[in-house]
Amino acid sequence: MVLAAVGLAAAQTPEPGAVEVSATAASIFNGGIHPAVGAGVGIATTRHVMGVAEFTYIPLGGGVLKPGDFDLLRLTPRTGGKAVDFHGGLHIAVPTGSDRALPYLAVGVGLVRQSFTALGLGHTTTGVAGSFGVGLKWLISERIGVRLELKVYTPNRTFVRVGVSLFYRSR
């Protein structure tokens with residue numbers, strides 16, 4: 001029993017070279033609330049630092065513009081939008097001695113691409129975004145866990161991402 005507890009405590013921080021693969025469901029807050037889904041991969045460079053690469057898809061929804069939104073013949077055209085985020089960064093572990101929970105700090109940089117259509121015309125912008133935040137990895141077993149994360153992004157417009165991920169750790 002003691003050996004099992006020691007083994008799980010050692011599994012709290014990944015071994016250098018360990019790989020984590022994750023799937024994420026999130027909400028984006030930027031004046032409205034938008035759902036998001038994503039995936040990521042991380043490689044532990046030390047027991048306390050993991051390099052990560054993440055992709056997030058954010059459907060910004062669609063709707064009907066009200067006549068007052070555009071005064072072009074009083075039309076009510078369909079609108080739509082989406083954003084994608086490609087991000088790289090670091091998760092820096094904050095060891096607590098817990099055998100299952102591992103808090104961490106997150107920092108990163110990447111690209112956010114936003115697209116919007118209205119009146120049949122499209123507009124796309126791409127910008128560099130920095131991010132910082134905090135997270136908590138909770139190990140369900142030695143290799144599978146759940147990650148809760150809150151990140152603030154600072155591209156042209158600041159937004160907040162709150163996510164829940166399921167991850168698999170190679171070792």
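Please treat every number below as a calculation from the coordinates, not as lab data. Note that the structure is predicted; figures quoted are calculated from it, not measured. As a convention, Cβ positions derive from the backbone with ideal geometry for all residues, glycine included, and neighbour counts pool all protein chains shown.
A few remarks follow.
- The calculated FRET efficiency for the pair L111 and E142, based on their C-beta separation and a Förster distance of 35 Å, comes to about 0.50.
- Extended-chain gain in nm, criterion 0.36 nm per residue less alpha-carbon gap, T125 and V84: 13.7 nm
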